[in-house]
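The values are calculated or read from the model by the stated rules, or taken from the named source; none is laboratory data. Bear in mind the structure is a predicted one, so any value in this text is a computation, not a measurement. Virtual Cβ from ideal backbone geometry, glycine too; neighbours counted across all protein chains shown. Each accessible area value is taken on the protein alone, full model and side chains, heavy atoms only, with ligands, DNA and RNA left out. Shrake-Rupley method; radii C 1.70, N 1.55, O 1.52, S 1.80 Å.
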Amino acid sequence: MNTKTLEQKLAQYHEFFAIAHNFTLNIHPLTTDVSSFDDFLSNMPTPFKLASDVTTVDQSALRPLQALNSVSAQLVDFLNLQAKKIDLLVTYILSQQDKEQYRYQGIEFGGGGIKFNATACFAIGQMLEVKLFLLDNNCALYCYAEVIEASETDDSAAQENTAESSYQHKAIFHFIREEDREALVRISLHEQAKQLQKLAQHRNQERSN
């Protein structure tokens, strides 16, 4: 049972860098008590376990070779290419876990949690089973999250088109593997670098006009 105050949970969310980014989520409210991390791992679908194992094996295999001299460069390039092919295959397998009836729009993620939109308002404290898809980064992961903030959005244009209210939620990770949290941190920093690069290019274009 999470006995932290709401303020502590919000601090936990902001403990890690978070970046605004559009991505897909599958969310299923948990109706039973969230008991232990071991139970969480036993409920994790096999494709998400497989994806993590493949990444770990790739990194372990390439690390010793990177310390060798330039003679191994071609071998490293070849293995990197094979790893990318496997990543593409695993990403396709993970994409099959995305079910339309449970799909939501994510708008921010980081090592501490996620922010997403929904047409229904989840209660504060609601525990969620989450499948998070960042397929443009060859990443998908499984976790449990707790809703810590919910508010109606003021996007009147979107509401006009859907004839439904929209609610923005913030949720912290309750159970998540450390390797998955580390992946989110790496991807958030990578996306930030891409955004800064685009911003610099835009400023350069404005100066040249």
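Points worth noting:
- Remark: ILE27 matches the filter, which requires a residue to be assigned to a strand (DSSP E or B), in contact with a Leu (Cβ under 7 Å, 6 or more places away or on another chain) and either touching a residue at least 24 places away in the same chain (Cβ under 8 Å) or closer than 21 Å to VAL185 by Cα (or both).
A quick yes/no check of all residues on (1) among the polar types (S, T, N, Q); (2) at pLDDT 85 or above; (3) more than 30 Å from ASP39 (Cβ to Cβ):
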| position | (1), (2), (3) |
| --- | --- |
| GLU152 | no, yes, yes |
| THR162 | yes, no, yes |
| ALA193 | no, yes, yes |
| HIS202 | no, no, yes |
| ARG207 | no, no, yes |
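- Residue that is farthest from the chain's Cα centre (by Cα) [pool: residues in region 98-125 that are part of a loop (DSSP other than H, G, I, E, B) and crowded, with 17+ Cβ neighbours inside 10 Å]: PHE122
- Candidates LEU65, LEU94, LEU89, LEU81 - the one that is at pLDDT below 70 and either farther than 22 Å from ASN22 by Cα or part of a helix (DSSP H, G or I) (or both): LEU65
- From the options ASN137, ASN204, residue that is polar (S, T, N, Q) and within 30 Å of ILE86 (Cβ to Cβ): ASN137
- Test result for ASP53, open to solvent by 80 Å² or more (accessible area, probe 1.4 Å) and modelled with pLDDT of 65 or more: yes
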